[in-house]
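Novice: Please see the structure below; I have some questions.
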Amino acid sequence: MAVQRRTKVLAVVLAGGEGKRLMPLTADRAKPGVPFAGTYRLIDFALSNVVNSGYRQVVVLTQYKSHSLDRHISQTWRMSTMLGNYVASVPAQQRVGKNWYLGSADAIYQSLNLIRDEQPDIVVVVGADHVYRMDFEQMVAQHLDSGAACTVAAIRQPIEDAHQFGVIDVSADQPRRIREFLEKPSDPVGLPDSPGEVLASMGNYVFDADALVEAVTRDAAETETSHDMGGDIVPSFVRSGRAAVYDYRDNEVPGAIDRDRGYWRDVGTLGSYFAAHMDVVSPLPIFNLYNYQWPIFTSHGPYPPAKVVGSSVDQALLSPGVVVTGSSVSRSVLSPGVYVDSGAEVTDSVIMHDVRIGAGAVVRNAILDKNVVIPAGGSVGVDPDADRARGFMVVDGLTVAGKDQPYS
């Protein structure tokens with residue numbers, strides 16, 4: 001009796017994004033390296049989804065200001081090499097010319113040596129800057145059953161928000177085949193089974209390895225292209241009738257609860273980044289960090305437990321190393337090493353590593369990046385004009401201080 005060979009899968013995580021809309025948080029780091037929910041980096045969600053799905057050969061393609069991201073990957077994402085498991089950070093290397101990555105498709109083209117070395121049957125390509133849980137094994141299974149060469153993961157969104165996304169158009173008789181890929185359409189057609197919704201691309205893909213190699217190689221030789229996975233590679237598969245869609249609604253993650261099932265957030269703006277934090281601090285979190293059946297892996301370093309002395313703390317995430325003494329913290333995330341002194345008030349805020357908030361200071365509706373010091377009696381988020389005068393950014397009702405930015 002013949003033994004069927006196991007399908008070999010290589011995961012490629014695209015982590016070279018600059019994240020201009022997240023400035024100043026991305027002034028000194030790549031977007032996937034931005035901290036999230038205290039102890040995590042954004043890339044931890046993509047990597048956790050990949051390894052929880054059973055895929056343990058993972059390459060991370062980096063480019064923009066990648067030092068802290070590369071360091072995090074090398075220090076955190078270590079797996080046993082006995083069975084060939086690895087998470088490898090691969091910077092842009094100019095292997096095929098003198099250009100850095102010209103787009104996400106070009107990043108894969110310039111890294112084809114990784115695919116040739118591993119010789120996978122399937123390549124799973126995922127973005128590195130979204131907050132969600134997803135079992136990619138289920139998506140790969142549908143891809144193999146469909147006979148498609150390319151499968152795009154999609155999430156249902158209200159039709160009125162279609163102009164914000166790449167939208168996947170399907171027909172009623174073939175709801176899993178992509179009829180057309182529309183980039184931020186102004187007049188989309190709703191889904192056959194739900195006219196008020198559209199399928200928006202999540203930036204996650206499954207490819208037959210040989211088809212992906214052929215597609216990015218062909219794209220690299222063209223001049224009228226942006227060398228983008230969603231803008232160029234997927235449409236090429238659609239035109240040839242070889243593209244399928246995977247509805248994220250069908251994905252069943254172990255340990256998911258009704259409230260957070262199907263959660264996905266693109267945290268590409270300061271407003272959406274802040275809103276995603278409010279999702280995790282709510283009394284019944286819309287995104288549940290406490291799902292131990294599908295953990296989000298990270299490393300927070302050698303910090304001691306959080307400590308609270310004579311304080312009021314409500315709806316807050318307190319990371320290891322946090323000290324809150326004689327103060328008030330509500331609806332906020334405090335990252336490792338944060339110190340909140342007596343009489344201070346922190347409300348509706350995201351406070352990153354090693355921030356110091358002095359006695360009697362007030363911080364509201366703010367994002368404070370690493371090492372910011374708010375002096376005793378200082379205020380942030382109380383007077384927008386005063387915040388601007390100090391050099392802080394004020395946008396979407398938020399005050400944002402960059403890494404090491406002084407309070408003046």
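Novice: Express in Å², to the nearest 10, the accessible area of Lys184 obtained by rolling a 1.4 Å probe over the protein heavy atoms while all chains stay in place.
Specialist: 110
Novice: Sticking with this structure for a sec: Could you give the dipole magnitude of the range 121-261 about its Cα centre, charging the beta-carbon of Lys and Arg +1 and that of Asp and Glu -1, in debye to the nearest 20?
Specialist: Working: 12 positive and 27 negative charges, 32 e Å.
Magnitude of the dipole: close to 160 debye.
Novice: For the range 1-53, with every protein chain kept in place, what is the accessible area per residue (1.4 Å probe, Å²)?
Specialist: 39
Novice: Could you state the angle between the C-alpha long axis of helix 136-146 and the longest principal axis of the C-alpha atoms of the chain, as a value from 0 to 90 degrees rounded to the nearest 10?
Specialist: In the chain, helix 136-146 runs at an angle near 20 degrees to the longest axis.
Novice: Here's a follow-up. Tell me, what ³J(HN,Hα) does each residue in the range 324-331 have, in order and in whole Hz, if you take phi through Karplus 6.51 cos²θ - 1.76 cosθ + 1.60 with θ = phi - 60° and put x for Gly and Pro?
Specialist: 10, 10, x, 9, 10, 10, 9, 6
Novice: Among the listed pairs Lys20/Lys65; Lys184/Lys370; Lys20/Lys184; Lys31/Lys370; Lys8/Lys184; Lys65/Lys403, which have their C-alpha atoms separated by more than 23 angstrom in this model? Mind showing how you got there, number by number?
Specialist: On the way: Lys20/Lys65 12 Å; Lys184/Lys370 35 Å; Lys20/Lys184 19 Å; Lys31/Lys370 15 Å; Lys8/Lys184 34 Å; Lys65/Lys403 14 Å.
Among Lys20/Lys65; Lys184/Lys370; Lys20/Lys184; Lys31/Lys370; Lys8/Lys184; Lys65/Lys403, the Cα-Cα distance tops 23 Å for Lys184/Lys370; Lys8/Lys184.
Novice: With the full set of protein chains in place, find how many percent of the accessible area of the chain is carbon and sulfur; take the probe as 1.4 Å.
Specialist: Numbers: 8760 of 17700 Å².
Solvent-exposed carbon and sulfur of the chain make up 50 percent of the total.
Novice: Over the range 98-200, calculate the relative contact order: mean separation of alpha carbon pairs under 8 Å at least 6 apart, over the residue count, as a percent.
Specialist: The value is 21 percent.
Novice: Moving on to the next point. Counting only the heavy atoms of the protein chains, how much of Met23 is accessible to a 1.4 Å probe, in Å² to the nearest 10?
Specialist: Roughly 80 Å² of Met23 is accessible to a 1.4 Å probe.
Novice: Could you do me a favour and compute the accessible area per residue for the range 144-289, 1.4 Å probe, result in Å²?
Specialist: 45
Novice: Which ³J(HN,Hα) values, rounded to whole Hz and listed in residue order, are derived for the range 52-57 from phi using the Karplus coefficients 6.51, -1.76 and 1.60 in 6.51 cos²θ - 1.76 cosθ + 1.60 with θ = phi - 60°, glycine and proline given as x?
Specialist: 5, 6, x, 9, 10, 10
Novice: Specify the inter-centroid distance of the range 292-357 and the range 60-85, based on alpha-carbon positions, in whole Å.
Specialist: Using only Cα atoms, the two centres lie 27 Å from each other.
Novice: Assuming a ≥ b ≥ c are the square roots of the Cα gyration tensor eigenvalues, decide whether the chain counts as rounded (a/c under 1.5), prolate (otherwise, with a/b larger than b/c) or oblate.
Specialist: prolate
Novice: Please tell me the relative contact order of the chain in percent, rounded to the nearest whole number, where contacts are Cα pairs under 8 Å and at least six residues apart. Walk me through the numbers on the way to the answer.
Specialist: Numbers: 932 pairs, mean separation 57.3, N = 408.
This gives 14 percent for the chain.
Novice: For Arg177, list long-range residues whose amide hydrogen, built 1.01 Å from N in the peptide plane, is under 5 Å from its own amide hydrogen.
Specialist: Ser171, Val245
Novice: Apply the Karplus curve 6.51 cos²θ - 1.76 cosθ + 1.60, θ = phi - 60°, to the phi angles in the range 14-25 and return the couplings in whole Hz, x for Gly and Pro.
Specialist: Result, ordered by residue: 8, 10, x, x, 7, x, 4, 6, 9, 4, x, 5 Hz.
Novice: Pairs of alpha-carbon atoms within less than 8 angstrom and 6+ residues apart define the contacts here; what relative contact order does the range 256-345 have, in percent?
Specialist: After rounding, I find 21 percent.
Novice: Something else about it: Can you tell me the orientation of helix 67-76 relative to the chain, as the angle in degrees between its alpha-carbon axis and the longest Cα principal axis, to the nearest 10?
Specialist: For helix 67-76, the angle is close to 80 degrees.
Novice: Which value, in Å² rounded to 10, gives the accessible area of Glu214 with a 1.4 Å probe and all protein chains present?
Specialist: Solvent-accessible area, nearest 10 Å²: 100 Å².
Novice: Please give the calculated 222 nm ellipticity per residue for the chain, where each DSSP H segment of at least 4 residues contributes -39500 (n - 2.57) and the sum is spread over every residue; nearest 500 deg cm²/dmol?
Specialist: Per the formula, -5500 deg cm²/dmol.
Novice: Taking H as built 1.01 Å from N, whose amide H comes closer than 5 Å to the amide H of Ala306, not counting residues under 5 places away?
Specialist: Those qualifying (amide H under 5 Å, at least 5 residues apart or on another chain) are Gly321, Val322.
Novice: Now, a different point. Compare the Cα positions of Gln75, Thr269, Gly255 along the charge dipole of the chain (+1 at Cβ of Lys, Arg; -1 at Cβ of Asp, Glu; about the Cα centre) and return the one farthest towards the positive end.
Specialist: The Cα lying farthest towards the positive end belongs to Gln75.
Novice: Follow-up. Could you report the range 320-408's accessible area per residue, 1.4 Å probe, as an integer in Å²? Display every interim value, and only then the final one.
Specialist: On the way: 3050 Å² over 89 residues.
Accessible area per residue: 34 Å².
Novice: Hey, what angle do you get for helix 209-220 against the long axis of the chain, alpha-carbon based, 0 to 90 degrees rounded to 10?
Specialist: 80
The values are calculated or read from the model by the stated rules, or taken from the named source; none is laboratory data. The shown structure was predicted, so the numbers you read here are calculated from the model rather than taken from an experiment. With ideal geometry, Cβ positions are generated from the backbone for all residues, glycine too; neighbour counts draw on all protein chains shown. When the accessible area is computed, the model is the full protein with side chains, heavy atoms only, and any ligands, DNA or RNA have been set aside. Shrake-Rupley method; radii C 1.70, N 1.55, O 1.52, S 1.80 Å.
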